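Worksheet: the structure to be examined is printed underneath.
The values are calculated or read from the model by the stated rules, or taken from the named source; none is laboratory data. Quick caveat, the model's predicted, so the values are computed rather than measured. Here the Cβ positions follow ideal geometry from the backbone for every residue, glycine too, while neighbour counts run over all protein chains shown.
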Amino acid sequence: MFSDHTAAKDAGATIIVEALERVYSSGLRAVDGVNLAVAAGEIYGFLGPNGAGKSTTVRILTTLLRPSGGRARVAGYDVVEQASQVRRSIGVALQEAALDPLMTGRELLELQGALHGLRRAESKLRADELLERVDLAPAADRLLNTYSGGMRRRLDLAMALVHRPDVLFLDEPTTGLDPVSRASLWSELRRLNEEGTTIFLTTQYLEEAEQLADRVGIIDHGKIVAEGTPQDLGRLVGEPGLYVKLIDQSQCDLARQLLAVHGAVSDREAGGLTIRTALGARAIAPIVRTLDEAQIEVDAVEVEEPTLDDVFLAVTGHRAEDVAGGEQS
Amino acid sequence: MSTRGLAYTGGVGFALWRRSLLELARVRGGLLPTTVAPLIFLLGSLGQFGRLDQLVGFPTTSYIAWLVPLSCLQAAGFAGGATGANLARDIEAGWFDRLLSSPAPRPLLILGPVMAAVTRCLVPVTVIFIAGLLLGPGLTGGAFGLFMLYLAAISFSIVASLWGITLALRAKSQQVGPLIQNGVFIAVFLSTAYTPLPFLKGWLAVAAPYNPVTYVLQMGRQATVSGIEPSWAHTWPGLLALAGMMLFFGLLALRQLRRVDR
């Protein structure tokens with residue numbers, strides 16, 4: 001059973017994970033004491049590089065893998081003791097859409113309907129509805145081996161929705177997609193969330209987590225190293241920056257001295273300086289005034305809000321893309 | 001089980017079986033290997049050992065009558081084994097995860113490949129049987145013998161499928177494919193595949209009586225071998241052997257399925 005502490009703290013949470021662990025037979029500790037809670041109707045972004053433990057966590061939460069330790073409940077059910085009830089409540093779209101290339105989109109949706117106990121007529125109706133929803137109706141009767149990556153992802157999402165799940169698990173749903181397909185999938189996920197579906201999303205893309213997630217958990221080497229709203233996490237980095245690009249590079253030293261009164265100044269590139277200041281965008285006017293008074297011409301000024309990439313660097317000491325793949329994640 | 005439960009089970013079973021039929025229909029030449037290999041074995045063995053039927057005490061005067069049930073069983077075994085290899089492919093491709101993450105009862109996920117094995121074996125078994133008949137042997141066992149041959153072949157495809165499923169679930173890799181088919185080949189080879197028990201010598205004479213496939217072959221040979229007339233005595237050992245193998249490999253497959261999330 002879960003501790004009273006967790007139960008009280010996370011009352012109403014759809015996903016509750018407590019001290020979750022997974023150690024592979026090779027000795028690799030892929031998940032190392034993960035705790036998290038996802039509220040009903042929330043989009044939770046699970047961010048981390050390859051091998052960080054994202055997919056292993058999702059496989060445990062979707063009952064595909066047994067944890068080595070700890071507990072997890074999804075939609076009110078224990079993932080080990082009540083795996084069958086969990087499976088009825090969740091939709092799953094795992095990494096690299098696993099779709100039979102010798103079936104058509106419609107056939108796959110109908111098969112998924114059967115797996116979830118829909119009657120044949122009901123399954124056919126639901127397939128039509130979902131094919132419309134994900135803009136695949138014109139391709140419904142084509143074999144999957146003629147679908148593009150984006151079409152496969154959309155069909156994968158549709159299959160996860162056949163039985164109208166309360167909770168949707170998406171493991172890197174846009175990996176490998178072009179920007180247009182990615183934006184289209186994001187829009188569909190927002191729509192689903194507005195309809196009340198709780199979404200647990202793993203991603204390597206910081207932008208994706210920022211765009212979609214209400215809250216983000218950052219996982220590295222099997223441990224959650226930071227968690228919060230993208231804005232909360234942004235504050236972990238420190239003060240926002242103002243990037244100032246000068247027209248004359250030779251004036252950089254003078255500008256650095258003058259701007260020190262506004263905040264910490266650092267060089268970014270030739271002719272460019274970054275000033276860290278708690279005032280954020282409100283510091284633009286005084287900074288420009290200071291430079292103008294010294295007859296230093298400004299080419300551009302930009303506000304640099306901290307990104308999740310900065311957060312990742314701040315909390316792990318390395319950039320997300322620095323971690324090589326290869327380990328089972 | 002409730003009516004709704006039965007309907008659900010039937011629905012899932014049908015859906016998975018339909019998928020295997022679609023694959024059969026859409027992969028051109030998908031059945032060729034399991035049909036051609038036993039046919040080549042049939043013709044090759046006929047050339048190699050064709051005069052064995054002239055030995056005193058050989059239970060038929062037509063060696064091809066002795067070989068046709070063997071080739072049918074080989075074809076059924078290869079077809080069954082192929083479903084195990086296909087399952088390994090599904091596991092590698094992530095398709096099996098989709099099935100595992102559905103609420104369908106886990107044993108049904110095994111039933112799909114098994115039903116596929118039965119369907120897949122019917123084509124090569126029928127082609128080989130017809131080819132064999134065209135080459136000479138008559139249907140000495142009549143309708144009963146023919147029924148026993150098909151029952152033996154279909155049941156053996158189920159056994160091979162369960163063996164393949166067990167290995168696929170264990171290895172989770174397509175690399176297990178040759179091992180599955182080698183297992184089928186060895187099981188058939190270490191029996192009365194080419195000669196009756198009294199003609200065997202040495203280690204094979206010791207091994208063959210303990211090999212259940214020997215009795216499955218005997219059951220199937222009631223169709224074409226005049227010296228093995230259709231009778232209960234020639235039937236029950238085969239039925240027992242098949243039931244035993246199905247139970248053994250079925251339990252192994254289920255055990256492996258229970259461990260798939262570890």
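Taking region A:50-84 as the range and being surrounded by fewer than 24 Cβ atoms within 10 Å (Cβ to Cβ), in contact with a helix residue (DSSP H, G or I) (Cβ under 7 Å, 6 or more places away or on another chain) and in contact (Cβ under 8 Å) with a residue 60 or more places away in the chain as the test, only A:75 passes.
Whether any residue in region B:205-228 is within 14 Å of chain A (Cβ to nearest Cβ) and in contact (Cβ under 8 Å) with a residue 60 or more places away in the chain is what I want to check. Looking for residues that are within 14 Å of chain A (Cβ to nearest Cβ) and in contact (Cβ under 8 Å) with a residue 60 or more places away in the chain, one finds none in region B:205-228, hence no.
Please verify whether region B:30-49 includes one or more residues that are at pLDDT below 90, surrounded by fewer than 19 Cβ atoms within 10 Å (Cβ to Cβ) and over 23 Å from residue B:184 (Cα atoms). The answer is no; no qualifying residue exists.
Pairs meeting the criteria (first residue in region A:301-315 and in contact (Cβ under 8 Å) with a residue 12 or more places away in the chain and among the charged types (D, E, K, R), second residue surrounded by 16 or more Cβ atoms within 10 Å (Cβ to Cβ) and part of a helix (DSSP H, G or I), beta carbons under 8 Å, at least 6 apart or on different chains) are A:305/A:234; A:309/A:206; A:309/A:320; A:310/A:234; A:310/A:237. The residues in region B:84-95 that are within 8 Å of another protein chain (Cβ to nearest Cβ) and either in contact (Cβ under 8 Å) with a residue 24 or more places away in the chain or over 26 Å from the mean Cα position of the chain (by Cα) (or both) can be counted, and the count is 1. The set of residues in region A:259-291 being among the aliphatic types (A, V, I, L, M), crowded, with 18+ Cβ neighbours inside 10 Å and more than 12 Å from residue A:301 (Cβ to Cβ) consists of A:265 alone. For region A:21-99, the strands (runs of 3 or more DSSP E) that sit wholly inside it and include 2 or more residues that are aromatic (Phe, Trp, Tyr) and under 23 Å from residue A:206 (Cβ atoms) are A:43-47.
I need the full set of residues from region A:75-110 which are basic (Lys, Arg) and either more than 9 Å from chain B (Cβ to nearest Cβ) or closer than 30 Å to residue B:24 by Cβ (or both), in order please.
Going residue by residue through region A:75-110, those that are basic (Lys, Arg) are A:87-88, A:106.
If the condition is that a residue be basic (Lys, Arg) and either more than 9 Å from chain B (Cβ to nearest Cβ) or closer than 30 Å to residue B:24 by Cβ (or both), then A:87, A:106 are the ones that fit.
If you scan region A:35-74, which residues turn out to be of a type in the set (A, V, I, L, M, F, W, C) and away from chain B (no Cβ under 12 Å)?
Across region A:35-74, the qualifying residues are A:36, A:37, A:38, A:39, A:40, A:43, A:46, A:47, A:52, A:72.
Among the candidates A:76, A:70, the residue that is over 22 Å from residue A:189 (Cβ atoms) and modelled with pLDDT under 95 is uniquely A:76. One residue alone among B:40, B:110, B:64 is away from chain A (no Cβ under 14 Å) and under 29 Å from residue A:161 (Cβ atoms), and that residue is B:110.
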